[in-house]
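Asks: Okay, handing you the structure first.
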Amino acid sequence: MNDDPVIEFSGFLKACRLFRENRLSEAEAVCTNLLRKNPLDQATWALKLQCLSDSTYIDELENEDMGLAETFLDQNVIAKSARPGTSFARPKTTAKGVNPILRFIIAIIIFSMSYGNVYRFGTLISTYNMFSRPTTNAGRPLSGVVRPQSSFKSGSMDQAVRTARTAKTARAVSSTSARNMRLGTASMAAGADGEFVNLARLNIEKYAADPQVNRQLFEYVFYYVNDMRVAHQIAGAASKSAGFEDYYWKNQLAKCYLRLGMIPDATKQLQSSLEQRKLIETFAFLAKTYNRVDQPMAALKTYMAGLDVFPEDVTMLTGMARVQEALGEFDVSVALYNRVLDAQANNIEAIACVATTYYYGGKPEIALRYYRRILQMGCSSAELFMNIGLCCLAAQQFDFALSSIMRAQSTLTDDVAADIWFNIGQVMLEVGDLPAASRSYRIALTHDPDHSESLVNLGILRYRDGNIDEARSLYAAAVAKNPLMFEGNYNLGLVCFTQGKYHDCRRLMERALEVFPDHEHCKKILSSIKPLYESI
Amino acid sequence: MAKPLEVTQSKWTAPVVLQDHEIHCPSTCVTLGPLLADNESMLIIAHGGHRGVNMKLKVFQGLSQHSESSLADMPTAIMHFVNELFTVPSSVINSDEQEAWSKFAVVPVNPDKLFNKLKDICDRVSFSNLTPMSQTYLMSEREEQLALIDKFGAKIANTASITCITKMMKSMAESLDILIIGTEHCNLYFLDSQAFTLLHEVKLSSVPVSLCAYGSFDVDYRVFVQTRDSLIFSVKRDEENHQPIIVSQSMITSMVLMNKIIVYTTSDNLITFASFRGKKINTVKCKDKVKMLEPFSYTQKQLSAVIAVFEKEIRLYNDQYMLDVVQYEKPLAWVKFGLYGREDATLIVCFKDGTIAVQIFRRTAQFEKQDYNYVPPSHALKLAIPKKTKIFIDQTQRELEYGNKIHQAYQKNLFNLKFKIAENYQQLAQTATASVSTTTVLPMDISVDIHGFGPNFRMTVHLLSKQTLYDMFLSMINDPDLYEIDKPLMPVSILTPGNTYDFTTMIVCKDPEKAQNSEIRVLLVHQKRATPIVTAVIKMPFSEFPLE
């Protein structure tokens, strides 16, 4: 049929084509062969560097992984007790979004039921409590998607160190520690002949000044080797040789500074880069540096400035929406996500966040439409099916509800298994089958022994059966795993109160009030304990 | 313009604006009363002007200006009485101060020396004991100082500033007014308005800022004095020792009399009704700041109340109820109620922008009595129920049509789901991998905490049993390449019910640089049982590098 001779590429051209087609490992193999013949071939060398760095490329904008040390031993914090709404540490929890009073309307009837849990993209929404969002383990208002939010502080260093660590909740001590090393070194072991470029012996000044190869070399060091000091050195030298007028190198320097935790330096570089050339990436990074030092207002301003230059840009809008959400301004956030959807109708994060807001805003039938839209776009995951099931259930679409949930159960992966089973437990609770609910919670606990919501709810069911000691130990376990959990603290406090352990009760109630300062029942219990103390 | 929002229901006529007049003055500089022989009541306003310029006394009749005359000095308050100057008696001036003025204020003028000298005196005898002239001098700029010397230098006197004024009848028979004046020197002077002779003098312990008089001078009277430090004194005839009857915790902003009740407002948005003895009768908690109070009375219907002025509305209160609310479109400055022209219940309203309007109380008005702090009954409160969406209604339609099928599908799925749960649970029970014990015979609770960042971890196992158990072992199973456990097998000799037992062991991660983690299983086993009593599976956190 086709008489044209098949053109076979070979040599460097072949490597280039393979690289273009994103067949990185094949391209790399060709490059390795070529380099074996001619080790001084700069073009091949640069291409191989590019192949290697692309294989481990991560979006630095989304890389928010921060260790304990950066979070708690942070010197960049400007105001320790900021006004509400101007700091991530003080979102307007009581003003909008999470309303603790409504949150526990159902709680009071059955002795404070815990409502979990929406985690992860797509994410599980809790079956209970249509009126307000639950919080995450770190005590943040829940979002529609899971993102690395570790830059948010919760509690103190002391508390963080004392809390028992598990694979799921533990955070690395610092971002330069073992966990982060993985990003870079995991793939290195594969190359049998060791490191491709010996950085210790490389003449950095020479290569960094060469505009033909310096970008590839930098990206290789930054993404693949993960050696920030050398990467910084290269970026610095390259910036110098470009006469400090290349915005690209200023951005790269800023990335290095961000990784090294030198936030003010990063800000300076980015601002000077913006003076030369206004780029979406630069605006986004600048806003990120402001977020790192807990200056959400400055970050919002930066995004606004970005929007002036790039109207309706998705990165800017998404960034703003995230900041607003973290501040507890859900209305503003959802309005922004809607703008994102106007510009880019298939933005999954935006769809998921809007859907979550509709769900907790008491309109599960509309949330369902949004989740179905995600499904139509070809995403399918256990979380998504779970959410569809929960929306169906809340919207009284009983014929689809349970089948979706079963689909979620049969496709679940290890990391969401506990959440899925917890939500199945919630569904069984709604159906009224308490033994099945209690079994589901137990299954959730085998998948993740630290699933505090399951512990609390199982405790409540035990308490109903009259097994007060068992309930007590379950609550205590939940509090030990997640000291910021309101339900655990409150329920354990209530048990202590009925058992006459007023001292423990007071301590727990006070901790519960830290999470939800307006909880009427906590206050009542505390005020009923007070005269007992005074009478001593 | 400044119309009340609900004209139809209002108990007042719509306000009529006096054209082309702008008034800026405090509420104390307004009074109503007849000036001429025809006994027609007029509105008299001491217009404050701007920084001593354009100070005018304006008289209005009907809807237009009647007359206008210039004032020599800044007005403090105005009072209408039947006759026409009086100077407050001087106090003794500090001799040094007198000397300073006589020495330095004569030509050649030496303002700096005078300033320094006065400053010296001020340090010795305190600022408040100086004459008002010296006080002004000390706080003025150079140019103003020269002007002061030029104008007043020769005739220094310690005349106290008048802070407030009120009047009362001499007796029921004689329609003569007695003026009562409060000064900065904490004095109250009772003056005869005909001859301006001093009839009586009272010394208080703090500076009066507002006065209310009740009764007549010859028979019996009470003067209520609100002072700057939020005290209210009651000054009675033939009484020497004056003690405050009301001590307010927060600043008193305004005080009026309503029949035999003292009404005052405080800066914490409360209106308080108190008896003449100072006993609280009632309080109103307001949402906003009360700007001022004005007494209201309508003798034909024996109505008396107070008008509380808020930012854009006025409310009428008596000691029991809220009677009326009138709203305006512009922010208010002050109101004055009384006889104007021949209408005996007229309300003069002045807005912040200087416009002034007249309203008349309707003779047919009926007050309905409302509670002060009206809250709608709880069943009338609307719950924030989300609106029904179109999709929701479509779904309801579907439910109606396919009710049977939906029910069948639901029942089938529910059965399947319960089966799935039971199946999974059964698997757990067989393998005993649950951290919560699954045997009903030996109920047992296990939980494990990992502490530390690595490579050294500490593992604590908590055991809680329901019955007494003997001779068991805690066994740890792990990947020997990754972790080394200090005590892989721990004897558990006894567990008694209700007590938590803790067992601790150290775990060392052998090679943190591999950046791997794995599970550790903790089993509670008994020699005579084939399966473990309870199992806990812990996924270890990633280990940090050792500290060198």
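Asks: As an exercise: evaluate residue A:481 against (1) touching a Gly at 6+ places or on another chain (Cβ under 8 Å); (2) within 14 Å of chain B (Cβ to nearest Cβ); (3) closer than 25 Å to residue A:413 by Cβ and give the number of the one condition it does not meet.
Replies: (1)
Asks: Every residue in the range A:377-397 that is surrounded by fewer than 19 Cβ atoms within 10 Å (Cβ to Cβ) and closer than 23 Å to residue B:393 by Cβ, please.
Replies: Answer for the range A:377-397, where residues must be surrounded by fewer than 19 Cβ atoms within 10 Å (Cβ to Cβ) and closer than 23 Å to residue B:393 by Cβ: just A:396.
Asks: Then there's this: Given (1) surrounded by fewer than 15 Cβ atoms within 10 Å (Cβ to Cβ); (2) over 22 Å from residue B:281 (Cβ atoms), identify the lone condition not met by residue B:207.
Replies: (1)
Asks: Right, another one. Being touching a strand residue (DSSP E or B) at 6+ places or on another chain (Cβ under 9 Å) and of a type in the set (D, E, K, R) is the filter here, so list the residues in the range B:509-527 that pass it.
Replies: Once the filter is applied, which keeps residues that are touching a strand residue (DSSP E or B) at 6+ places or on another chain (Cβ under 9 Å) and of a type in the set (D, E, K, R), the range B:509-527 yields B:510, B:519, B:521.
Asks: Give the residues of the range A:275-304 that are within 22 Å of residue A:214 (Cβ to Cβ) and not charged (D, E, K, R), sorted by residue number.
Replies: A:276, A:279, A:282, A:285 - these are the residues of the range A:275-304 that are within 22 Å of residue A:214 (Cβ to Cβ) and not charged (D, E, K, R).
Asks: Given A:495, A:416, which one is away from every other protein chain (no Cβ under 12 Å), assigned to a helix (DSSP H, G or I) and over 21 Å from residue B:422 (Cα atoms)?
Replies: Step by step, each of A:495, A:416 is checked, and only A:495 is away from every other protein chain (no Cβ under 12 Å), assigned to a helix (DSSP H, G or I) and over 21 Å from residue B:422 (Cα atoms).
Asks: I'd like to check something: does the range B:299-306 contain any residue that is touching a helix residue (DSSP H, G or I) at 6+ places or on another chain (Cβ under 6 Å) and modelled with pLDDT of 80 or more?
Replies: no
Asks: Going through the range B:312-338 one residue at a time, which ones are over 12 Å from residue B:350 (Cα atoms) and assigned to a loop (DSSP other than H, G, I, E, B)?
Replies: Answer for the range B:312-338, where residues must be over 12 Å from residue B:350 (Cα atoms) and assigned to a loop (DSSP other than H, G, I, E, B): B:318, B:319, B:320, B:321, B:329.
Asks: Condition first: modelled with pLDDT under 50 and more than 14 Å from chain B (Cβ to nearest Cβ). Now tell me which residues in the range A:175-234 satisfy that.
Replies: Once the filter is applied, which keeps residues that are modelled with pLDDT under 50 and more than 14 Å from chain B (Cβ to nearest Cβ), the range A:175-234 yields A:190, A:191, A:192.
Asks: Select the strands (runs of 3 or more DSSP E) contained entirely in the range B:468-548, then report the ones holding at least 2 residues which are closer than 18 Å to residue B:446 by Cα and within 14 Å of chain A (Cβ to nearest Cβ). Talk me through it step by step, then tell me what you get.
Replies: On the way: elements: B:469-477, B:483-485, B:489-495, B:500-509, B:519-526, B:534-539.
Qualifying strands (runs of 3 or more DSSP E): B:500-509, B:519-526, B:534-539.
Asks: For residues in the range A:297-317 being part of a helix (DSSP H, G or I) and more than 24 Å from the chain's Cα centre (by Cα), which is surrounded by the fewest Cβ atoms within 10 Å (Cβ to Cβ)?
Replies: A:308
Asks: It is to be established whether one or more residues within the range A:351-370 are surrounded by fewer than 21 Cβ atoms within 10 Å (Cβ to Cβ), of a type in the set (Gly, Ala, Ser) and within 14 Å of another protein chain (Cβ to nearest Cβ).
Replies: Yes; the residues of the range A:351-370 include at least one that is surrounded by fewer than 21 Cβ atoms within 10 Å (Cβ to Cβ), of a type in the set (Gly, Ala, Ser) and within 14 Å of another protein chain (Cβ to nearest Cβ).
Asks: Is at least one residue of the range B:447-458 part of a loop (DSSP other than H, G, I, E, B), within 14 Å of chain A (Cβ to nearest Cβ), at positive phi and surrounded by 20 or more Cβ atoms within 10 Å (Cβ to Cβ)?
Replies: yes
Asks: Any residue at all in the range A:228-245 that's within 24 Å of the chain's Cα centre (by Cα) and within 30 Å of residue A:45 (Cα to Cα)? I'd like the intermediate steps shown before the answer.
Replies: So the first thing to find is which residues in the range A:228-245 are within 24 Å of the chain's Cα centre (by Cα), and the list is A:228.
This time we only want the ones that are within 30 Å of residue A:45 (Cα to Cα), so: A:228.
So far as the range A:228-245 goes, yes, one or more of its residues are within 24 Å of the chain's Cα centre (by Cα) and within 30 Å of residue A:45 (Cα to Cα).
Asks: Looking only at strands (runs of 3 or more DSSP E) that fall completely inside the range B:163-276, which ones have 1 or more residues that are in contact with an Asp or Glu (Cβ under 6 Å, 6 or more places away or on another chain)? Walk me through how you get there before you give the answer.
Replies: Details: elements: B:177-183, B:187-192, B:198-203, B:208-216, B:220-227, B:231-236, B:244-247, B:252-258, B:261-266, B:270-275.
In the range B:163-276, B:187-192, B:198-203, B:261-266, B:270-275 are the strands (runs of 3 or more DSSP E) which contain 1 or more residues that are in contact with an Asp or Glu (Cβ under 6 Å, 6 or more places away or on another chain).
Asks: While we're looking at this one, here's another question. Looking at (1) surrounded by 14 or more Cβ atoms within 10 Å (Cβ to Cβ); (2) touching a Ser or Thr at 6+ places or on another chain (Cβ under 7 Å), can you tell me which one residue B:312 breaks?
Replies: The one condition residue B:312 does not meet is (2).
Asks: Now for a different question. Considering only residues that are out of contact with any Ser or Thr (no Cβ under 6 Å at 6 or more places or on another chain) and under 16 Å from residue B:230 (Cα atoms), which ones fall in the range B:187-206?
Replies: Within the range B:187-206, B:204, B:205 qualify.
The values are calculated or read from the model by the stated rules, or taken from the named source; none is laboratory data. These numbers were taken from a predicted model, which means no experiment stands behind them. Note: ideal-geometry Cβ built from the backbone for every residue, glycine included; neighbour counts use all protein chains shown.
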